[in-house]
Amino acid sequence: MANDPNDIKTTASDELDDELQQEQAQKIESASVSTTMPGGQDTELEKEEKEEAEAIEAIKKYTEEDNLGRVTLSSIVGGDILQSKFSRSLVQWFIMVAVLMLVYTYNRYQSQQDIITIDNLKTQLQEVKYNVLTQSSELMNLSRQSNVEKYLKATNDSMLKNPTTPPYLIRMVEATP
């Protein structure tokens, strides 16, 4: 099972080259054994050239052939389906889809983390509001006049006392010009 289409192409071309070399070696041996006539050499050279052209055509056909029409379980499991022109043309598309899936997953994860952070901050804000409300009510309760008076009466060293006479009201009379 080959992963790279170029490996398959080179393997196929190597196999065809080996076959051509073997055929040429057999022809050379048979030519040296048999008696050749001057006209016979031309026909053998023509045959060799014809076979070379056929081999080149076979290599081109094998490397350019689209195997999508022959889809079998063995071609899928063996990876032969990945050699078709159709699947090779979709490689960039699959890469783009994979990158988009990664970006989508990352964004989704980040948004979930942001939502969790927002929820935590909301609960903290609510707790702080309750604490501020509690402290302000306690402060208002302690700063009432009756509570201040109780505190002053409890301490013996305080010289402040409640006034026995009411406060004087000073009124200003507006002068008429």
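Please verify whether residue 75 is polar (S, T, N, Q), surrounded by 10 or more Cβ atoms within 10 Å (Cβ to Cβ) and not in a helix (DSSP H, G or I), treating the condition exactly as stated. It would help to see each step written out before you state the result.
Working: polar (S, T, N, Q): yes; surrounded by 10 or more Cβ atoms within 10 Å (Cβ to Cβ): yes; not in a helix (DSSP H, G or I): no.
Judged against the criteria, residue 75 is not a match.
Which residues, counting only those in the range 134-160, are of a type in the set (Asp, Glu) and surrounded by 10 or more Cβ atoms within 10 Å (Cβ to Cβ)? Explain how you work it out, then say what you get.
Kept after step one, since they are of a type in the set (Asp, Glu), are these residues of the range 134-160: 138, 149, 157.
Within the range 134-160, 138, 149 qualify.
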Check whether at least one residue in the range 164-172 is without any contact (Cβ under 8 Å) to a residue 12 or more places away in the chain and assigned to a helix (DSSP H, G or I), and report yes or no. no
Kindly state which helices (runs of 4 or more DSSP H) lie completely within the range 81-155 and contain at least 3 residues that are at pLDDT 95 or above. 91-142
Please work out which residue is farthest from residue 26 (Cα to Cα), limiting yourself to the range 44-73 and to residues that are at pLDDT 75 or above and among the basic types (Lys, Arg). 50
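The values are calculated or read from the model by the stated rules, or taken from the named source; none is laboratory data. Since the model is a prediction, treat every value here as computed from it, not as a measurement. Reconstructed Cβ throughout: ideal geometry from the backbone, glycine too, with neighbour counts over all protein chains shown.
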